[in-house]
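Report on one structure; see the data block that follows.
The values are calculated or read from the model by the stated rules, or taken from the named source; none is laboratory data. Values in this document were obtained by computation on a predicted structure and should not be read as measured data. Every residue, glycine as well, gets a Cβ built from its backbone with ideal geometry; the counts of neighbours run over all protein chains shown.
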Amino acid sequence: MSKCSAGNGPAVRLRVSGLKSSSGNLFVRTYHAKSGDWLKSKRYLTRIDARPRKGSMTVCVPVPRAGNYAIAVQHDANGNREMDFSKDGAGMSNNPKIGSFLGIPRPPSVQKASFSVGNGVKPLAITVRYRD
């Protein structure tokens, strides 16, 4: 959390809530707020893997410089490092609704998830949602 100490930005102090369990993995990925990067494989800027804590937890997410970003959080509840839509949870910056088509989740646009970070530490909250 040292990067999130006052004056050590730019960074995001991310409060993740709604976690159903402490099992598995929590993946936090930061992207440039560009549609060509958002949720694309290997296009993230930072990836933080953490042990989830049932309920809520705080994660410090460094960003390279002041600018516009978007964050995606995945709770890999069974720890298989894959997205199991029926078991795993997900959330995104600004907590936009995650739609679905024929039961398959459809992520929101990067415009709905983007936020700006200055040279300091930006507080942000994401609620993880599960299918059930």
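Yes/no per residue for (1) crowded, with 19+ Cβ neighbours inside 10 Å; (2) closer than 15 Å to V121 by Cβ:
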| site | (1), (2) |
| --- | --- |
| R15 | no, yes |
| S21 | no, no |
| N25 | no, no |
| V28 | yes, no |
| L39 | no, no |
| R43 | no, no |
| I48 | no, no |
| K54 | no, no |
| R65 | no, yes |
Considering only region 30-60, how many residues are among the basic types (K, R) and in contact (Cβ under 8 Å) with a residue 24 or more places away in the chain?
4
Report whether or not Y69 is of a type in the set (F, W, Y) and without any contact (Cβ under 8 Å) to a residue 40 or more places away in the chain.
no
Looking at (1) at pLDDT below 95; (2) under 15 Å from the mean Cα position of the chain (by Cα), which is the one condition that is false for M57?
(1)
Among the candidates R106, R81, single out the residue that is exposed (fewer than 14 other Cβ atoms within 10 Å of the Cβ) and either among the polar types (S, T, N, Q) or without any contact (Cβ under 8 Å) to a residue 12 or more places away in the chain (or both).
R106
Give the number of residues within region 58-93 that are polar (S, T, N, Q) and farther than 29 Å from P10 by Cα.
3
